Amino acid sequence: MVEVSWPTPRRIATLSVHTSPLEQPGTGDAGGMNVYIVEVSKRLAAAGVEVEIFTRATSSELPPMVEMSPGVHVRHVTAGPYEGLNKEELSSQLCAFTAGVLRAEAAHPPGHYDLIHSHYWLSGQVGWLARERWGVPHVHTAHTLAKVKNRLIAAGDRPEPKARVIGEEQVVAESDRLVANTRFEARDLITYYQADPALVSVVEPGVDLERFRPGDTDRARFGLSESDRVVAFVGRIQPLKAPDVLISALAELRARGTENVTLVICGGPSGSGLDKPTALMDLAASLGVTDSVVFLPPQTGAGLAALYRAADLVAVPSYNESFGLVALEAQACGTPVVAAAVGGLVTAVRDGESGVLVDGHDPADWARVLDRLLAAPGFRHRLSAGAVAHASQFSWDRTAERLLRVYRDAVSEHRALIAARLEGAAWAW
């Protein structure tokens, strides 16, 4: 249980403009951020902190508010057309969304919310304005940063627009606290966005250790053979996540004479991946490995854990990850992870102990690493034990507890600032 002490906020307004915590992760814009908001909100509520999550309504059939779990409510704010708007177009609806957020607060007595926590830069823009209106502290988590993504962009992918870069700079400058997923993200905020180091706190995400844990392997559930060696990719299908690297690596393995390897790709198209939804299938066909690639839709909790356990290795070849929850979930299930040595994956995977980090995205390099691990069951067994031990150091309870410390500091400093201003005004009078 998360420890609660003064001045813990009573009620938090959590902002998630572009994606709802009620959506299934793994497709569209739903991913690790959705999981983060859901898991943290539930634990904050268990600690006695009410959480209201504001997100954009994407259907006229959605009720204005739903209870996600005890103490956690999701408000659907009408802002623009329900369908047909992608994430890049939502900045045009921030005024409408902000109006909906402000109206919700105006329906209550002053001081209804004690703190705002925004997620992603679009939400940060709304949080910046709400902070000014409500007179409460604003905490922001970026999750991804445009300047970092553009430095590590995949070949052929679209760079993040200038409008996002400017928007992120504004949010960083105006937030009372910035929460970074890792020390590397904290460094990026300070280096590329000139964030005040004193206002940046590192709070690592967690993993549901009850759901994701070692267990029986059930490959038949996914139509997989017991004799095959299975490498799994889990995530949204877009160039940033680089699943194409794995298909090309599979072709390299076949050229090396390595047989009986099946690549499972679990997820749905997202972002610029929507431009060419059949690109991975086309690539597999052109390389002659279609018979060794299995495509699965996004999996829910129990199914996702079963898929991790069914794999010999889980691969995360992303060009950038603020953390990499997939890597942590897989390790918690006892499956070693092969990941790109970028961003938060350097924290999420302990190289040589819970998995292996790969420099770069050359399919030949990935094929060599995968081949070496697939041919060494004893080494994989040691990595499996290390993976469980490493993942056990992360939990959502720990994440929520550390977030509460950030909230308390923000509330305390805000109240102290108000008191100082009132005292100064009294002396001036």
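The values are calculated or read from the model by the stated rules, or taken from the named source; none is laboratory data. A quick note: this is a predicted structure, and the numbers were derived from the prediction, not measured. Heads up, the Cβs are rebuilt from the backbone with ideal geometry, glycines too, and the neighbour counts pull from every protein chain shown.
Below, the figures for the structure above:
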| item | result |
| --- | --- |
| Residue that is modelled with the lowest pLDDT, among those in segment 165-185 that are surrounded by 18 or more Cβ atoms within 10 Å (Cβ to Cβ), part of a helix (DSSP H, G or I) and touching a Ser or Thr at 6+ places or on another chain (Cβ under 8 Å) | F184 |
| Where L85 falls short, out of the listed (1) over 24 Å from Y193 (Cβ atoms); (2) at pLDDT 95 or above; (3) surrounded by fewer than 20 Cβ atoms within 10 Å (Cβ to Cβ) | (2) |
| Only listed residue being within 26 Å of G48 (Cβ to Cβ) and small (G, A, S), chosen from G111, G100 | G111 |
| Segment 107-144, residues that are in contact (Cβ under 8 Å) with a residue 24 or more places away in the chain and among the aliphatic types (A, V, I, L, M) | L115, I116, L122, V126, L129, A130, V136, V139, A142 |
| Filter result for A376 (among the small types (G, A, S), surrounded by fewer than 16 Cβ atoms within 10 Å (Cβ to Cβ) and under 20 Å from A232 (Cα atoms)) | yes |
| Checking L62 against (1) assigned to a loop (DSSP other than H, G, I, E, B); (2) within 21 Å of the chain's Cα centre (by Cα), the condition it does not meet | (2) |
| Residue among H112, H138 that is surrounded by fewer than 19 Cβ atoms within 10 Å (Cβ to Cβ), touching an Asp or Glu at 6+ places or on another chain (Cβ under 7 Å), farther than 17 Å from D29 by Cβ and not basic (K, R) | H112 |
| Single match in A154, A173 (criterion: hydrophobic (A, V, I, L, M, F, W, C) and under 25 Å from L129 (Cα atoms)) | A173 |
| Count of segment 286-297 residues which are surrounded by fewer than 13 Cβ atoms within 10 Å (Cβ to Cβ) and free of Cβ contacts under 8 Å to residues at least 40 places away in the same chain | 3 |
| Residue satisfying condition, being of a type in the set (S, T, Y), crowded, with 24+ Cβ neighbours inside 10 Å and closer than 25 Å to D218 by Cβ, within set S354, S322, S318, S392 | S354 |
| Helices (runs of 4 or more DSSP H) fully within segment 227-317 counting 3 or more residues that are in contact with a Lys or Arg (Cβ under 8 Å, 6 or more places away or on another chain) and either over 20 Å from V358 (Cβ atoms) or modelled with pLDDT under 95 (or both) | 301-310 |
| Within segment 392-418, tally of residues that are of a type in the set (S, T, N, Q) and part of a helix (DSSP H, G or I) | 2 |
| Test set (1) surrounded by fewer than 23 Cβ atoms within 10 Å (Cβ to Cβ); (2) among the polar types (S, T, N, Q); (3) in contact with an Asp or Glu (Cβ under 6 Å, 6 or more places away or on another chain) - T19 fails condition number | (1) |
| Cβ-Cβ under 8 Å pairs, at least 6 apart or on other chains, segment 370-391 side among the β-branched types (V, I, T) and part of a helix (DSSP H, G or I), far side modelled with pLDDT of 95 or more and surrounded by fewer than 20 Cβ atoms within 10 Å (Cβ to Cβ) | V388/R213; V388/P214 |
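For (1) under 24 Å from the mean Cα position of the chain (by Cα); (2) at pLDDT 95 or above; (3) of a type in the set (F, W, Y), each residue gets a yes or a no:
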{"residue": "G378", "(1), (2), (3)": "no, yes, no"}
{"residue": "H381", "(1), (2), (3)": "no, yes, no"}
{"residue": "S384", "(1), (2), (3)": "yes, yes, no"}
{"residue": "V388", "(1), (2), (3)": "yes, yes, no"}
{"residue": "F394", "(1), (2), (3)": "yes, yes, yes"}
{"residue": "V406", "(1), (2), (3)": "yes, yes, no"}
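A quick yes/no check of all residues on (1) among the charged types (D, E, K, R); (2) closer than 25 Å to H414 by Cα; (3) touching a residue at least 24 places away in the same chain (Cβ under 8 Å):
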site	(1), (2), (3)
I12	no, yes, yes
T19	no, no, yes
D29	yes, no, yes
E39	yes, no, yes
K42	yes, no, yes
I53	no, yes, yes
E61	yes, no, no
E83	yes, no, yes
E88	yes, no, yes
